[in-house]
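Participant: Can you read through this structure? Questions will come right after.
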Amino acid sequence: MSASKKTACAVAAAVLLPLVTGAPPAWADEKDKQPKPPAAMSGLGGVLLGQPGTQVKLGPGAPVLPKELSGRSWIVADAETGAVLASHNAHWPLAPASTLKMLFADTLLPKFPRTQNHLVTGEDLAGIGEGSSLVGIKEKQTYSVHDLWLGVFLRSGNDAVHVLTSMNSGLKQTVADMNARAAELQALDTYVVTPDGYDAPGQVSSAYDLTLIARSGMQKPDFREYAATPRAAFPGEAKPGKKRETFEIQNTNRLLTGDLGVAPYQGIAGVKNGNTTHAGATFTGVAERNGKVLLVTVMNPSSKEQHAVYRETARLLDWGFAASGKVTPVGELVPPRSARTETTAPDDGTAPAPAPGKNAPAETAAAGKSGGVGIALGVAGGVLVLLAAAVFLVNRRWPLAASGALRRRPQDDRKAEKSEKGEKGEEAQAPAAADGTGEREEAQATATAGETGEAQESATAPETEATPVSQESGKAPESGKKNP
């Protein structure tokens, strides 16, 4: 080979070699982009819950976990006993999106009677984040507290959240109340910056915490009612000389309503979904089957499967019902701090009293009628099954810190049945109206800004069980701004 040819080959090699060696295979590149859970997470509820990866202890006859799970974090728990049947990075602090509205509701629901009316001002609606999900509240219009909570639960309306926040003495007070409530529930991975869950630096929660919060909320009759309402009539704009019209709003929880290719989940009774740019899709659901009530939370699945957060939740619920009694719990949902010195919560089903210095809760008015407002336990074949208070097995008693399970008393159920009976409202057939632009709750809504943050580390609990099966599931890449 001539010297000139050798020189040409050397130059070509020098140019091509970096292109070959500097570009790793596509799969490796994608894998490297997956975020890793913290090496040290909270061990609250059991040390296994603080370990990265999947935690499960399969017994004889127990089904294996579904393969199609891609959430960065998830948990399956018994709503009554608090036993955690399986988890994956349960204490990883992540952006919660609108699932944080569960904490907002658990904190503020007792403060205002549902019949109380409020005239909305421009100040009430100030500061709503760009692209937020809205129910369609208008300035200079009057809404009942009941209307506002329908907007929060069904449409994930940030405008409804802002109005209730204003009624609660503003943003600073509401954020302080929510963080105090999280501390009372021992949701110690949670830090609130925005009451509506809109992306904000430092705002985080975890699958464990969201499940704790949902469990607390579902012990409140009003919370259960709103979370299980599939659709309702919402007030439109009042015009002089004309009867105020209404329009129908539908719950964005696809496992409850069935929509966009997602089938209703039999036995579903709530709770809350969310989706923002930084959080991805998040969801906490509660369902009952054959007297067993399970809570499942899934955060930020990376799967390309359409509506993956709902499909993965449904798979985990199916697994949990099949595995119940055949697995050894890997941890527990801890009781609120106040339960450490109390053996029971109030028999009326409300959560423990607010911390000293907080506004005293107002008495909740009797349930009113609205479209589809019956407390639905499940949706099967398009038929709503009403939920009697005594049927739903979320216990009103919290265990002592050292106890292993909750125990029901027959008199608890009788008291609950007597005090919580409600009326089923007829579903309104009012004309539909545009709900405004939305937070990216689902495919028909828009995206919001990003969240980051760190959570407090909480105390660990002793763990003496055998070593669990551990495996890493895929995790979603960090995301930036997204289009609707």
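The values are calculated or read from the model by the stated rules, or taken from the named source; none is laboratory data. In this text the structure is predicted, and so the values were computed from the model without any measurement. Every residue, glycine as well, gets a Cβ built from its backbone with ideal geometry; the counts of neighbours run over all protein chains shown. Accessible surface is based on the protein model in full, side chains and every heavy atom, while ligands, DNA and RNA are left aside. Shrake-Rupley method; radii C 1.70, N 1.55, O 1.52, S 1.80 Å.
Participant: From the list Leu65, Leu109, Leu85, Leu103, which residue is more than 16 Å from the chain's Cα centre (by Cα), part of a helix (DSSP H, G or I) and under 30 Å from Gly291 (Cα atoms)?
Facilitator: Going through Leu65, Leu109, Leu85, Leu103 in turn, the sole match is Leu109.
Participant: How many residues, within region 82-139, are open to solvent by 10 Å² or more (accessible area, probe 1.4 Å), closer than 28 Å to Val56 by Cα and not small (Gly, Ala, Ser)?
Facilitator: 4
Participant: State whether one or more residues within region 204-211 are in contact with a strand residue (DSSP E or B) (Cβ under 7 Å, 6 or more places away or on another chain) and either without any contact (Cβ under 8 Å) to a residue 40 or more places away in the chain or among the β-branched types (Val, Ile, Thr) (or both).
Facilitator: Yes, that holds for at least one residue.
Participant: Would you confirm whether or not region 133-150 contains a residue that is in contact (Cβ under 8 Å) with a residue 60 or more places away in the chain and within 15 Å of Asp106 (Cβ to Cβ)?
Facilitator: So far as region 133-150 goes, yes, one or more of its residues are in contact (Cβ under 8 Å) with a residue 60 or more places away in the chain and within 15 Å of Asp106 (Cβ to Cβ).
Participant: Can you confirm whether His162 is at pLDDT 95 or above and open to solvent by 30 Å² or more (accessible area, probe 1.4 Å)?
Facilitator: On the way: at pLDDT 95 or above: yes; open to solvent by 30 Å² or more (accessible area, probe 1.4 Å): yes.
In short, yes.
Participant: Any idea which of (1) under 20 Å from Gly274 (Cα atoms); (2) open to solvent by 10 Å² or more (accessible area, probe 1.4 Å); (3) in a helix (DSSP H, G or I) is the one Leu150 doesn't satisfy?
Facilitator: (2)
Participant: Output yes when any residue across region 222-236 is open to solvent by 10 Å² or more (accessible area, probe 1.4 Å), of a type outside the set (Phe, Trp, Tyr), closer than 21 Å to Asn168 by Cα and touching a residue at least 12 places away in the same chain (Cβ under 8 Å), and no when none is.
Facilitator: Yes, the conditions are met somewhere in region 222-236.
Participant: Looking only at region 266-295, filter to residues that are over 26 Å from Leu134 (Cα atoms) and in contact with a helix residue (DSSP H, G or I) (Cβ under 9 Å, 6 or more places away or on another chain); which one of those is most open to solvent (accessible area, probe 1.4 Å)?
Facilitator: Of everything passing the filter in region 266-295, Asn290 is most open to solvent (accessible area, probe 1.4 Å).
Participant: Go through (1) without any contact (Cβ under 8 Å) to a residue 40 or more places away in the chain; (2) at negative phi and name the single condition Gly170 misses.
Facilitator: Going through (1) without any contact (Cβ under 8 Å) to a residue 40 or more places away in the chain; (2) at negative phi one by one, Gly170 breaks only (2).
Participant: Here are the criteria: (1) over 19 Å from the mean Cα position of the chain (by Cα); (2) open to solvent by 10 Å² or more (accessible area, probe 1.4 Å); (3) farther than 22 Å from Pro230 by Cβ. Tell me which single one Val330 does not satisfy.
Facilitator: (2)
Participant: Find the residue count for region 183-193, including only residues that are buried (at least 24 other Cβ atoms within 10 Å of the Cβ) and either among the hydrophobic types (A, V, I, L, M, F, W, C) or more than 18 Å from Gly43 (Cβ to Cβ) (or both).
Facilitator: 3
Participant: Turning to a different aspect of this structure: Examine region 171-179 for a residue that is closer than 17 Å to Ala97 by Cβ and touching a Ser or Thr at 6+ places or on another chain (Cβ under 7 Å), and state whether such a residue exists.
Facilitator: Within region 171-179, one or more residues are closer than 17 Å to Ala97 by Cβ and touching a Ser or Thr at 6+ places or on another chain (Cβ under 7 Å).
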